[in-house]
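J.: Below is the structure I would like to discuss, written out as structure tokens.
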Amino acid sequence: MKELFSFFTDYSFIQNAIIAGLLSSIACGISGTFVVVKKISYLSGGIAHAIVGGLGIAYFLGINPLYGALAFSIVSALLIGTVKLKLKQNEDTLISALWAVGMSIGLIFAYLTPGYNVNLLSYLFGNILLVSSESIYLMLVLDIFISAIVIILYKQFIYVCFDEEYAYLRGIKVELIYILLLIMISLTIVVLVQSVGLVLVIALLTLPSSIARMFSNTIWKMILISIILIQIFTFAGFAFSFSTNLPSGASIILAAGLGYLLSFFIQSFLRRNTIK
Amino acid sequence: MNPVIKLENVSFAYNTNYILENINLNVEQNDFLGIIGPNGGGKTTLLKLIMGFIKPDKGKVEVFGKSSGKSNSRIGYVPQFNQTDKQFPIKAFDVVTMGLGHSKSFLPWNKKSDFGKVTEAMDFVSITDIADNTFGELSGGQQQRCLIARALVSNPGILILDEPTASVDSTVEVDIYKLLKKLNNDMTILLVSHDVGFISSYINKIACVNKEISVHGRDEISFDKISHEAYHGDFSMIQHKCNL
Ligand SMILES: Nc1ncnc2c1ncn2[C@@H]1O[C@H](COP(=O)(O)OP(=O)(O)OP(=O)(O)O)[C@@H](O)[C@H]1O
Ligand SMILES: [Mg+2]
């Protein structure tokens, strides 16, 4: 026991990884729930990949990559939101364009950056063991911010996701709420791409919340179950990667994927055993 | 008295062709307006114009003396198709509560007074026993009743129903029309239906919508005949007037 304790305190990077896992689960569980019920996982994927453009430009200009990512994610959220709401167009094509163009911009600027030695691809899978203390503070701020938004706008978010037309009839500012929702999701992606990588963020946004939906009859239950599942997957994947020396990001995603498969069996098992 | 709903020379096109052209319509307080017309005639479009979901290309739409969309808090609406996601985690009770939502609905908790109103509305359409069930897992008819309760819960001045009985069984259908008749004492009602024979004893005005509109009052068509035969008599007469 004592050994285990000193193990954690001695290796501050493990401490950081655990805290990062816990903190990211909150933002991811909340945003993921809305990504799943509003069926915008493709859109979230688009935003996540567009961010790479911001990262590339930021490296080229020698500024903090976070600012580049933030700018790109918010611009893409606004762009997609406006196209969907104002032009009543299907946003699919625009998302695909943002996705590809964002990544291309990122790669080109990374290539042009003098003395370039940052591997943009490391943003794909990230490394939870390399999370900086700065990132941890950022996650904490994000968690507080997102939790506050969701508690205050809980009903309006649900109404807009469930039935936009009736929400409009009730005088809810549907466009504003939708764009706020997209911005909330974008912020989650930006902060977590930095620490855990792009692929992991998308997996953690969609897989746990899809499982949670099977076992929930309210949004807040779905959020809570998502958060717990993300923590389980993160630590299972993390423990696996640590003991086998395999990459952490990929291990966590595998754990989430396995959990997703497993949940179908659990669901049908539960159903069979509760039939009266 | 000023009409509750007033459309003046309204034309509307989704793309390049007018779906509705030169519509004039006055709905008075406590009217029970039946709206009929062929598929694609523009009935749903007319309702959407009244609620300001879409804006007219020509003419103006006023509800309670204000331009469309501004008085929506006083409208209850039952859409034609329930397009909500079956897997959405929401209880029937919370769907009905949505009918009380507004732009200052902050925090997740319900007010005590809202609880009472929602329970009362659910009781009105006899679905209190399924209040805690997941909305998506209810039968089509139960969902429909839930949506009717959602439209009623705010005690609106205008109730707009777009084929509300399409998925309910026929006994419920009669119940719903009786219920509407009762509500009509203090609400203006707009009802889209294909079942003209059925509604003719409840309504006092009928609008035939097929790109253009023609409105007939009670004096033009005798609605008071009670026998089933008479409904069919009215039916064919209305069909004739609407060129159906
Ligand atoms: N969102 C839309 N975009 C383009 N055209 C539309 C749209 N909605 C309806 N239309 C067209 O407008 C016309 C009128 O449609 P509307 O839904 O008002 O008909 P309706 O009278 O309600 O028909 P039904 O009896 O089938 O419900 C139809 O020709 C339809 O194709
Ligand atoms: Mg229609």
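J.: Ordering A:137, B:202, A:166 by accessible area with a probe of 1.4 Å, largest first, what comes out?
T.: Order by accessible area, largest first: A:137, B:202, A:166.
J.: Still on this structure, I have one more. Evaluate E = 1/(1 + (r/R0)^6) for residue A:83 and residue B:9, where r is the Cβ-Cβ distance and R0 equals 35 Å; express this FRET efficiency to the nearest 0.05.
T.: The computed FRET efficiency comes out at 0.60.
J.: Round to a whole angstrom and tell me the spacing of the C-alpha centers of region A:50-66 and region A:165-224.
T.: 25 Å
J.: Please report the antiparallel percentage of the DSSP beta bridges confined to the protein assembly as shown, to the nearest 5.
T.: If I count the DSSP bridges inside the protein assembly as shown, around 55 percent turn out antiparallel.
J.: Could you tell me which of A:147, A:60, A:36 has its Cα farthest along the dipole of region A:9-147 towards the positive end, charges placed at Cβ (Lys, Arg +1; Asp, Glu -1), taken about the Cα centre?
T.: A:36
J.: Continuing with the same structure: Could you pull out which residues in region B:84-122 have an amide N less than 15 Å from a spot 7 Å beyond the Cα of residue B:73, following the Cα-Cβ vector?
T.: B:99-106
J.: For a bin width of 5 Å, list the pair-distance distribution of chain B built from all Cα-Cα distances, rounded to whole %.
T.: Cα pair-distance distribution for chain B, in percent: 1, 6, 13, 17, 19, 16, 13, 9, 4, 1, 0, 0.
J.: Turning to a different aspect of this structure: For the protein assembly as shown, place one equal point scatterer on every Cα, skip the solvent, and apply the Debye formula. What is log10 of I(q)/I(0) at q = 0.10, 0.12 Å⁻¹?
T.: -0.87, -1.09
J.: Let me ask something else. Got a sec to turn the phi values of region A:25-35 into Karplus ³J(HN,Hα) couplings, 6.51 cos²θ - 1.76 cosθ + 1.60 with θ = phi - 60°, whole Hz, x for Gly and Pro?
T.: Here the 3J(HN,Hα) series is 4, 5, 4, 5, x, 5, 4, x, 4, 6, 4 Hz.
J.: Right, another one. For chain A, modelled as a GNM with alpha-carbon contacts under 10 angstrom, which of A:234, A:244, A:206 fluctuates the most?
T.: Per the Cα network of chain A with a 10 Å cutoff, A:244 tops the list.
J.: What's the local net charge at residue B:98, with K and R +1, D and E -1, over the other residues with C-beta under 15 Å away?
T.: Neighbourhood net charge equals +2.
J.: Residue A:270: accessible area at probe 1.4 Å, nearest 10 Å²?
T.: So the heavy atoms of residue A:270 present about 80 Å² to solvent.
J.: Could you state the accessible area per residue of the protein assembly as shown in Å², with a 1.4 Å probe and every protein chain left in place?
T.: 46 Å²
J.: Per 0.36 nm of contour for each residue apart, how much would the distance between residue A:42 and residue A:141 grow if the chain were fully extended, relative to their Cα-Cα spacing?
T.: Going from the current span to full extension adds 33.0 nm.
J.: So which trypsin sites (Lys or Arg not before Pro) in region A:9-96 end up in coil per DSSP with only 14 or fewer other C-beta atoms within 10 Å?
T.: Those that pass, being in a loop and sparsely packed, are A:39, A:88.
J.: Ignoring any ligand, DNA or RNA, what whole percent of the accessible area of chain B comes from carbon and sulfur when the probe is 1.4 angstrom?
T.: 48 percent
J.: Another question, then. Along its three principal axes, how long is chain A when you only count alpha carbons? Whole Å, largest extent first please.
T.: Over chain A, Cα extents along the principal axes are 57, 57, 30 Å.
J.: Once A and B are treated as a pair rather than alone, how much accessible area drops out, both sides summed, in Å² to 100, probe 1.4 Å?
T.: By this definition, chains A and B bury close to 3000 Å².
J.: Here's a follow-up. At 0.36 nm per residue, and after removing the present C-alpha to C-alpha distance, how many nm does the segment from residue B:18 to residue B:123 gain when stretched out fully?
T.: This chain segment gains 33.6 nm when fully extended.
The values are calculated or read from the model by the stated rules, or taken from the named source; none is laboratory data. Bear in mind that the values here come from a model prediction, so they are computed numbers and not experimental data. All Cβ positions, glycine included, derive from the backbone under ideal geometry; neighbour counts span all protein chains shown. Just the protein is used for accessible areas: all its heavy atoms, side chains included, with ligands, DNA and RNA removed. Shrake-Rupley method; radii C 1.70, N 1.55, O 1.52, S 1.80 Å.
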